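Engineer: I am attaching a structure below and will ask some questions about it afterwards.
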Amino acid sequence: MFNALVVEKDAEGTTSASVQAIDLDQLPEGDVTVAVTYSTLNYKDGLCLGPGGGLVRQYPHVPGIDFAGNVEASDDPRYKPGDKVVLTGWRVGESHWGGYAQKARVKADWLVPLPDGIDPRQAMAVGTAGFTAMLAVMALEDHGIKDGPVLVTGAAGGVGSVATAILSKLGYQVAAVTGRPETADYLTSLGATQIVPRDEINTPTKRPLESETWGGCIDAVGGAMLSRVLGQMQYGASVAAVGLAGGAALNATVVPFLLRGVNLLGIDSVMQPYARRLQAWERIASDLPMEKLESMIQPATLSDLPKLGADILQGSVKGRVVVDVNS
Ligand code: NDP
């Protein structure tokens, strides 16, 4: 038996989450069983833990869209017991039981061997949010980052914190947008060179184009923020759109695309091919300063997660919540 955070739904449709002892044979099908050591809290986990259930299709359910740990048993020749592995994406924690448990069983294809230079706890301090931040940086690089500062929106959140630290390490000026002025010191310590108050960019304007300001952008907020940022990009610069913490509606014109050649790059971390996932994790191990990563960590246990899930949906979590599933 081992512990898992199980979400159940009663006959009235009310969901509740509790730590329960479960058996290996309750785990879903898969080629590889992993002894999970760490998982994390992401925005999607907040949805899966909440009353709406996010993308959960069947109850009981074990959330946790990412995890890291050691292979315990494997039917796949690529993995042997003891190998350190990390998983993000593939609907794990949504339609397949996820990382909020001391063991998980998944398809071998969904795993990535953890590269040297990063341990399972650090990998989960990065987690899906940080992995996505790295994918966003790689997408900006593929299209060329211009000379101006790179704007990071939702900067004090998970994606934003890791994006800020990586971009700074790579030598870019980083303008961090936050609605929480009290996080300015934290963002500066991660490498932000400029703090931009959220209201400066989150308010709509009738002007389709403003001054050419940003050499690139990683946007975790969407909505009004993304709509306005498009008109502030330098000629030929790119926006990597990662999330919608501020809303899904995009009220923009085509003018920034036509007259400034702006690129809008959608980032999806869920279905990335193996080679790109491996490359992203190798880049994380080499380009993310681990001492900055430490300052982003908020430790948690399985039983802390229902409360923290509500917090992340309200945008009040700072940095990355790292769940020690064995404590
Ligand atoms: P967090 O909650 O940690 O961070 C989101 C940040 O956005 C908040 O900290 C806050 O930053 C800002 N924010 C929140 N609400 C609003 C609002 N109403 N208006 C403006 N800004 C707001 O979430 P994550 O960083 O983990 O994820 C961010 C987004 O990225 C989510 O939508 C998530 O679903 C998505 N995502 C997408 C992935 C993909 O594959 N595309 C993978 C991972 C995440 P501040 O306080 O600094 O203003």
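The values are calculated or read from the model by the stated rules, or taken from the named source; none is laboratory data. On a predicted model such as this, the values are computed, not experimentally measured, just so you know. Here the Cβ positions follow ideal geometry from the backbone for every residue, glycine too, while neighbour counts run over all protein chains shown. We work out accessible area using only protein heavy atoms, side chains counted, and drop any ligands, DNA or RNA first. Shrake-Rupley method; radii C 1.70, N 1.55, O 1.52, S 1.80 Å.
Engineer: Need one number: the % of Cα-Cα pairs in the chain sitting beyond the 34 Å mark.
Structural biologist: Result: 23 percent of Cα pairs exceed 34 Å.
Engineer: Sorting check: for 33-41, 268-276, which peptide has the highest mean count of neighbouring beta carbons within 10 Å, and how do the rest follow?
Structural biologist: Packing order, densest peptide first, comes out as 33-41, 268-276.
Engineer: Run the numbers on segment 127-266 and let me know its relative contact order in percent, using alpha-carbon pairs under 8 Å that are six or more apart.
Structural biologist: 24 percent
Engineer: Then there's this: Can you list the residues, at least 5 places off or on another chain, whose amide H is less than 5 Å from the amide H of Q298, using H built in the peptide plane?
Structural biologist: Under 5 Å from the amide H of Q298: R320, V321, V322.
Engineer: Per the helix-only calculation at 222 nm, which mean residue ellipticity applies to the chain, given -39500 (n - 2.57) for every DSSP H run of n ≥ 4 and division by its residues, nearest 500 deg cm²/dmol?
Structural biologist: Numbers: 10 runs with 99 residues, N = 327.
Helix-only estimate at 222 nm: -9000 deg cm²/dmol.
Engineer: Going Cα to Cα from K44, which lysines come in below 25 Å? Please leave out same-chain ones fewer than 8 positions away.
Structural biologist: Straight-distance partners of K44: K9, K84, K103, K107, K292, K307, K318.
Engineer: Under the rule of at least 5 residues apart or a separate chain, name every residue whose amide H is placed under 5 Å from the amide H of L265.
Structural biologist: Correct list: V239, A240, A241.
Engineer: Further, regarding this structure: Could you let me know the centre-to-centre spacing of segment 306-322 and segment 179-206, using Cα atoms, in angstrom?
Structural biologist: So the two Cα centres are separated by 19 Å.
Engineer: What list of ³J(HN,Hα) couplings, whole Hz, do you get for segment 148-155 from phi and the Karplus terms 6.51, -1.76, 1.60, once you set θ to phi - 60° and write x for glycine and proline?
Structural biologist: Taking θ as phi minus 60°, the curve returns x, x, 9, 7, 10, 9, x, 5 Hz for segment 148-155.
Engineer: Per the 1.4 Å probe, what fraction of the accessible area of the chain, in percent, lies on carbon and sulfur atoms?
Structural biologist: That share works out to 51 percent.
Engineer: Could you tally the net charge around R180, taking each other residue with its Cβ under 10 Å from the Cβ of R180, Lys/Arg +1 and Asp/Glu -1?
Structural biologist: Details: positive: R198, K318; negative: E182.
Around R180, the surrounding residues sum to +1.
Engineer: At 1.4 Å probe radius, can you tell me the per residue accessible area of the chain in Å²?
Structural biologist: That works out to 41 Å² for each residue.
Engineer: Translational diffusion coefficient, Stokes-Einstein: compute it for segment 85-204 using the Kirkwood radius over C-alpha pairs as Rh, at 25 °C and 0.890 mPa s, and state it as an integer in µm² s⁻¹.
Structural biologist: Details: Rh = 15.9 Å.
Answer from the Stokes-Einstein relation: 154 µm²/s.
Engineer: Quick one: 3J(HN,Hα) in Hz for segment 60-68, Karplus 6.51/-1.76/1.60 with θ = phi - 60°, rounded, Gly and Pro as x.
Structural biologist: Listing the rounded values in order: x, 9, 10, x, x, 7, 8, 7, 9 Hz.
Engineer: While we're on this one: So for each of 177-184, 213-220 I average, over its residues, the number of other beta carbons within 10 Å; can you give me the resulting order with the highest mean first?
Structural biologist: The most tightly packed comes first, giving 213-220, 177-184.
Engineer: Could you order R57, R198, R283 so the one with the most accessible surface comes first? Probe is 1.4 Å.
Structural biologist: Result, largest first: R57, R198, R283.
Engineer: On to the next question. Compute the separation of the alpha-carbon centres of segment 115-146 and segment 259-275 and state it in Å as a whole number.
Structural biologist: 14 Å
Engineer: Give me a comma-separated list of calculated 3J(HN,Hα) values for segment 25-37, in order, Karplus coefficients 6.51, -1.76, 1.60 applied at θ = phi - 60°, integers in Hz, x for any Gly or Pro.
Structural biologist: These are the phi-based 3J(HN,Hα) values: 6, 7, 5, x, 4, x, 8, 10, 9, 10, 7, 6, 10 Hz.
Engineer: Check V196: other-chain or 5+ apart residues with amide H under 5 Å from its amide H, H built from backbone geometry?
Structural biologist: Long-range HN contacts for V196: A176, V177, T178.
Engineer: Using the per-residue mean of other Cβ atoms lying within 10 Å as a proxy for protection, in what order, highest first, do the peptides 3-10, 120-127 fall?
Structural biologist: For the peptides 3-10, 120-127, the packing ranking is 120-127, 3-10.
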